[in-house]
Every structure is written in structure tokens, then in C-alpha cells.
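Asks: Structure provided below as C-alpha cells; questions to follow.
Where a number appears in this text, it was derived from the coordinates with a stated rule and is not lab data. Since the structure is predicted, the reported quantities are computational estimates derived from the model, not experimental observations. Ideal geometry is used to build each Cβ from the backbone, glycine not excepted, and the neighbour counts take in all protein chains shown.
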Amino acid sequence: MFPAGAALSRRRASSELLRQLCRTTSVAPPLPPSLSTVAAAAEGIGPPPIRVSFTESAGRGVFAARGIAAGELIHSAQPLVAHPSPSLLDKVCYYCLRRLQKEASPISTSILGENDSSKTTACYFCSESCREQSKGFYEVEKGLDWTLFDDHCSMRRLKYPLMVKRLACMILSGAASVDCLDILQPASLHPETLLEMEDEFQLLKDTFTKGHFKNDSMTFLTKEWYINVLARIRINAFRIELVAKTYEEMLASAAAFIAADAAVGNAIYMLPSFYNHDCDPNAHIIWLENANAKLKALRNIEAGEELRICYIDASMEFEARQKILAEGFGFQCGCLRCSSRD
Ligand SMILES: C[S@@+](CC[C@H](N)C(=O)[O-])C[C@H]1O[C@@H](n2cnc3c(N)ncnc32)[C@H](O)[C@@H]1O
């Protein structure tokens with residue numbers, strides 16, 4: 001794992017690269033080699049064999065820059081922001097979402113209302129390295145009383161506002177930039193959703209205000225910022241469902257993991273957010289031990305072909321898939337499989 005500072009500069013490099021790629025041209029240029037090296041560095045592996053360009057009908061998308069073999073690791077990606085499922089706070093690492101070993105004694109620290117033990121909620125880190133890297137948000141978070149905000153989210157089963165809370169703490173500690181998610185596509189939000197967000201925002205802001213944060217460090221924390229960030233998280237966040245030790249183990253027990261609803265949390269990434277959807281995808285995103293994502297080819301892919309993943313449970317019927325994609329992601333799927341109403 002890299003220190004928090006290194007992780008931040010990778011995120012900034014990645015973000016800057018994509019900003020350059022997606023400037024308001026009607027056709028995005030292919031990824032120049034020098035920039036693709038930056039992308040590779042940003043994702044922590046060798047140059048990924050992909051470029052981000054405009055598609056004909058689905059906005060930006062990810063394309064193979066060379067032939068990619070079935071099973072090949074296309075690239076990996078570290079989360080920009082991740083948050084564990086609230087019901088699993090005592091079962092997964094508060095930073096990387098790795099499942100805690102039963103026999104290991106976790107490194108626990110209290111959060112929420114440190115001055116009032118009745119409000120204390122424990123969170124755990126799986127290693128000193130994760131505890132160290134979590135300083136980017138945790139130093140801010142642990143000094144504040146999150147009772148009202150967390151209760152509000154828990155009663156309504158809201159998970160994305162918890163990611164905004166973490167991002168706000170990262171920004172206040174200098175570990176993330178205010179505009180780090182701006183390049184991602186936002187969801188269009190219903191007026192009722194916007195109204196609900198106002199309450200969440202107020203609770204978030206009040207929590208920081210009561211923590212006596214200086215006004216100038218909080219100028220970014222406006223209702224517009226909150227809504228903009230949530231609109232992007234809604235479209236681009238991944239539910240981290242499968243966490244196995246190895247790829248083989250994951251494939252062998254995929255059915256059991258799905259049946260057990262093994263979601264350990266949610267996370268948002270940069271490059272993976274540019275993959276469009278297909279109900280018969282040629283790539284998939286997987287998680288083995290923790291929230292670090294791996295994009296793998298499901299079949300042989302030719303140079304220039306668009307890489308697509310499936311956003312939903314591909315085993316659903318045509319109508320159910322169309323409904324979820326329209327309601328959750330705002331588009332009608334026109335993939336080959338949907339065209340044949342399969
Ligand atoms: C995670 S983003 C994918 C990247 C996005 N195209 C962009 O430009 O940033 C998801 C959004 O992309 C678009 N999209 C993804 N797959 C699509 C598809 N098969 N057909 C039409 N639009 C799609 C939808 O607007 C969807 O809400």
C-alpha cells in the first residue's frame with residue numbers, strides 16, 4: 001500500500017488526465033502515450049491497454065487500445081472514496097473494507113461523540129498501514145459527533161451520504177480536492193430527492209459547524225457541492241459484493257457469495273466510472289480481498305472495441321433489466337441482448 005500522500009497524487013494525476021481527455025470536444029482524442037503513462041501510474045500498475053473516448057450513444061466510454069485476451073487483468077483501481085456498509089462496521093476494515101479475521105485482534109478506535117461513551121461506535125482497521133492511510137479522513141471524523149447525521153442515514157438506510165461525509169473529511173484534512181469527482185457523469189435528480197438532500201446536507205454542515213471548523217476551511221461545503229457530489233456518486237458508485245482471497249475462489253463460490261449478500265460497502269473510482277453497461281458484457285469488475293478493484297476481460301477483445309461491464313444482475317429478465325437501468329441509471333439499454341429481448 002502507498003502512503004496517503006502518494007495515493008492522493010495518483011488520484012490527482014488520474015483526475016487531471018481525464019479532465020484533459022474529456023474537454024468539450026465532440027470527439028475525444030485517443031489517449032496520447034505520454035498521458036497513458038500518467039494513467040498507468042495513477043492506477044498503480046503498468047500502462048493499462050485502454051483509452052477513454054466518446055461513444056456514439058452512451059457518452060464517454062472505455063476502449064481497448066490493443067487486443068486483450070480473455071481473463072486478462074485490464075487494470076486495477078484504488079477507490080477515490082470507499083465506505084463500509086453500516087451494518088458491517090465491526091466486521092470489515094474501516095479503510096480498505098477487507099473482512100476482519102476472527103482470530104486477529106483488530107485495531108479498534110472509537111468514533112462519534114468521543115466525550116460520551118454511550119454514543120461511541122467502534123471501527124476497526126485491518127492493519128497499521130490502513131490505520132495510517134485512513135488519517136486522510138479519520139483525523140477529522142473522529143473529533144466530531146456524528147450521532148444526528150448517522151442516525152438520519154441509518155433510519156432511511158442511506159449509504160451514499162456516508163461517502164460524502166468521508167469525502168468532506170478528506171477535503172478538510174487536505175487529502176482530496178473539492179472538485180475530485182467533477183469529471184464524472186452526474187445523475188439527474190428528482191425534485192423530491194433534492195429536497196431530501198437538503199436535510200442531509202444541513203445535518204452534515206451542522207456537524208462540522210459544531211466541531212468549530214474555521215469558516216474559511218468550510219467554504220466548499222455548500223448545498224450545491226453536496227448535491228453535485230451525491231449526483232455523481234449515485235451514478236458511479238460500485239457496491240462491493242465479492243470479496244474473496246483469490247480469483248479462483250471467487251469464481252468457485254460466486255453463487256454462495258451472491259446468496260449471502262456479501263456487500264461489504266460502496267466505493268467510487270476514477271477509470272472504472274467510464275465503463276458503460278452491456279447486459280452481455282466483455283469485461284467485469286471484481287474485488288478480491290479489499291476495495292481495490294480489478295477490471296478483467298471476460299472474452300477476447302479486439303483493439304478498438306469498447307469495453308463494457310454489466311451494472312446489474314445479468315440473470316434478470318429483459319423487462320426487469322430495462323426497468324432498473326432506466327430508473328437507476330437513466331438510460332434505455334440498446335445492447336445486442338436487449339435488442340433481441342433476451
Ligand atoms: C458510470 S457512467 C459511464 C460513463 C459515462 N458514459 C460517462 O460519459 O461518464 C454511467 C452512465 O453512462 C451512460 N451509459 C452507460 N451505459 C450505457 C448504455 N449501454 N447505453 C446508453 N447509455 C449508457 C448512462 O448515462 C449512465 O448513467
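Asks: Using a Förster distance of 45 angstrom, determine the FRET efficiency expected from the C-beta separation of Lys210 and Glu327, and round it to 0.05.
Replies: So the FRET efficiency works out to roughly 0.75.
Asks: What is the Rg over Rh value, at two decimals, for the stretch 81-236, using alpha-carbon atoms and the Kirkwood definition of Rh?
Replies: Result: Rg/Rh = 0.95.
Asks: Determine, for each peptide in 90-100, 141-151, the mean count of other beta carbons within 10 angstrom over its residues, then list the peptides with the highest first.
Replies: 90-100, 141-151
Asks: Still on this structure: At a Cα cut-off below 27 Å, give the lysines reachable from Lys165, other chains included and same-chain residues fewer than 8 away excluded.
Replies: Lys91, Lys119, Lys135, Lys142, Lys205, Lys210, Lys214, Lys223, Lys294
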